[in-house]
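Each remark here refers to the structure printed beneath this line.
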Amino acid sequence: MSTVPVPAPNPTPNPETSLAKPLAARKRRVFWFLAAIVVVHALVPFAFLPYTFVWWGIPVLLIGNFIFGSLGINLGYHRMLTHSAAKFPRPLERLWVLFGVCSLEGSPLWWVCTHRIHHQHSDEDGDPHSPKDRFYWGHMEWIYTAAERRQKLDTYGRYVPDLMGDKFLRWLHRGEKWLFVWAAHVVLLTAVGFGAGFAFFSTTEGAVQFGVQWFLWAVIVRTVYVWHITWLVNSAAHRWGYRSYKTNDYSTNNWVVALLTNGEGWHNNHHAAPRACSQGHRWWEVDLTFTFVRLLQLVGLAWDIAPVKVPKHIAEGSKESGEASPPPPSP
Ligand SMILES: [Zn+2]
Ligand SMILES: [Zn+2]
């Protein structure tokens, strides 16, 4: 995980991911992923019934977001695997990856491959999820739309060669075994909820109600919440916000997304310095994910933390304009 490959520019944009290709022409869906998204979303309203709504669901949601969203996706999938922004003891690295898997956002190899392609082609032909043309495409439609490029082995060989040798990551990816790990975590977490219900109430009725409440808030609502705030980085933080750096894309620093994601919304900063472990570049750009890494560093559990280094030509561009380059309007 020490070196991040920098793929050579691709002179011929792949038609599967080309923005130049009419959107209507790439509607082949990944139905199992679409079905999972629909089913999990459809369960969310059940968390707001009188039988199931609980105020303790809110802190459970926020703590769940920190564990699975911030440590799993932000730190594990994104900063550690994609950008080699920091190193941790191997058991912790595995734990971050497992937390990411439990966020139901794809296998680590698929996620990292997609994100490295995004950095190479941000908001231009080849970007898997630019919201330049349509917000919804960049937010979530791209996820359940087939892109054959990311199913081909040579794409992985090109974009994630440093991770292909990792047996654990390969095992999760092959045969979509990461989905079984996700399912196992759902069963485990739900069992914990029912067990705690029995411990608290000592009645079957109380245990069932607590178990259902726990399942809905710790698994279903949390999964949907982490999904959308992650996706907002790709959509909202490529459209709305301020730009500190003149990067060659539409990335923005969006404080709402940054607060929701514990730091990932300082996305213009991230595009200006992709390897940097900290995505907050000013003192008030709070990045709790990075704060957590700093705490781990203090106790010797994190090292090789990549510093903020913005290329001179991008940093100097920051003096020219604080405005985002306005993307074309949505059709
Ligand atoms: Zn981006
Ligand atoms: Zn990135």
- request: Give the Cα extents of segment 112-227 along the principal axes, in whole Å, largest first.
  value: 58, 36, 19
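What's the Cα-based Rg to Rh of segment 135-180, Rh via Kirkwood?
Details: Rg = 12.7 Å, Rh = 12.2 Å.
Dividing the radius of gyration by the Kirkwood radius yields 1.04.
Kindly put Tyr250, Tyr156 in sequence by how many other C-beta atoms sit within 10 Å of each C-beta, fewest to most. The partial results should precede the final answer.
Working: Tyr250 25, Tyr156 19.
Listed from fewest to most nearby Cβ atoms, that is Tyr156, Tyr250.
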- request: Compute the distance in nm between two label points, each set 7 Å from the Cα along the Cα-to-Cβ direction, one at Leu153 and one at Leu288.
  value: 4.3 nm
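About the Cα centre of the chain, what is the dipole size in debye to 20, counting +1 per Lys and Arg Cβ and -1 per Asp and Glu Cβ, all else neutral?
Details: 30 positive and 23 negative charges, 102 e Å.
My answer is approximately 480 debye.
So what's the projected area for segment 29-75, the Cα convex hull averaged over all directions, in nm²? Numbers along the way, then the final one.
Numbers: hull surface 17.2 nm².
Taking the Cα atoms of segment 29-75, their convex hull projects to 4.3 nm² on average.
How would you rank 294-300, 272-278, 191-197, 67-73, highest first, on the average number of other Cβ atoms within 10 Å across their residues? Each step should come with its number before you reach the end.
Values: 294-300: 11.9, 272-278: 21.9, 191-197: 16.4, 67-73: 24.6.
Listed from highest to lowest mean packing, they are 67-73, 272-278, 191-197, 294-300.
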- line: For the pair Val308 and Thr204, the simple spin-label estimate (label points 7 Å beyond Cα toward Cβ) gives in nm 5.9 nm
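Would you mind calculating the relative contact order of segment 23-242 from Cα pairs under 8 angstrom and at least 6 residues apart, reporting the percent as a whole number? Before the final figure, lay out each step's value.
Working: 252 pairs, mean separation 65.0, N = 220.
Value for segment 23-242: 30 percent.
With the cut-off at 1.5 for a/c, could you classify segment 171-249 from its C-alpha gyration tensor as rounded, prolate or oblate? Provide the component values of the computation, followed by the final result.
Details: a/c = 5.01, a/b = 2.02, b/c = 2.49.
Because a/c hits 1.5 or more and a/b fails to exceed b/c, segment 171-249 counts as oblate.
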0 to 90° range, to nearest 10: angle between helix 90-101 axis and the chain longest Cα axis: 80 degrees
query: Between Glu124 and Ala191, 0.36 nm times their residue separation minus their Cα-Cα distance comes to what?
result: 19.5 nm
message: Output the 0 to 90 degree angle, nearest 10, between the alpha-carbon long axis of helix 288-298 and the longest principal axis computed from the alpha carbons of the chain.
response: 90 degrees
- line: Label model pair Leu295, His41: point-to-point distance (7 angstrom along the Cα→beta-carbon line) in nm is 3.4 nm
Computed lengthening from Leu95 to Trp171, 0.36 nm per intervening residue step minus Cα-Cα distance: 25.8 nm
- prompt: What base-10 log of the normalised intensity I(q)/I(0) is obtained for segment 95-139 from the Debye formula, alpha carbons as equal point scatterers, at q = 0.18, 0.25, 0.29 Å⁻¹?
  reply: -0.60, -0.87, -0.96
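As a footprinting exposure proxy, order Arg116, Arg170 by other Cβ within 10 Å, with the fewest listed first.
Working: Arg116 21, Arg170 16.
Fewest to most other Cβ atoms nearby, the residues stand as Arg170, Arg116.
What is the projected area of the convex hull of the Cα atoms of the chain, averaged over all directions, in nm²?
Numbers: hull surface 71.9 nm².
Average of the hull's projected areas for the chain equals 18.0 nm².
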message: I'd like to know which of His267, Tyr225, Pro128 lies farthest towards the positive end of the charge dipole of the chain, counting +1 on Cβ of Lys and Arg and -1 on Cβ of Asp and Glu.
response: Pro128
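A short reminder: the numbers here are calculations on the coordinates, not readings from a lab. Keep in mind the model is a prediction, meaning the values are calculated, not measured. Neighbour counts run over all protein chains shown; Cβ positions are idealised from the backbone, glycine included.
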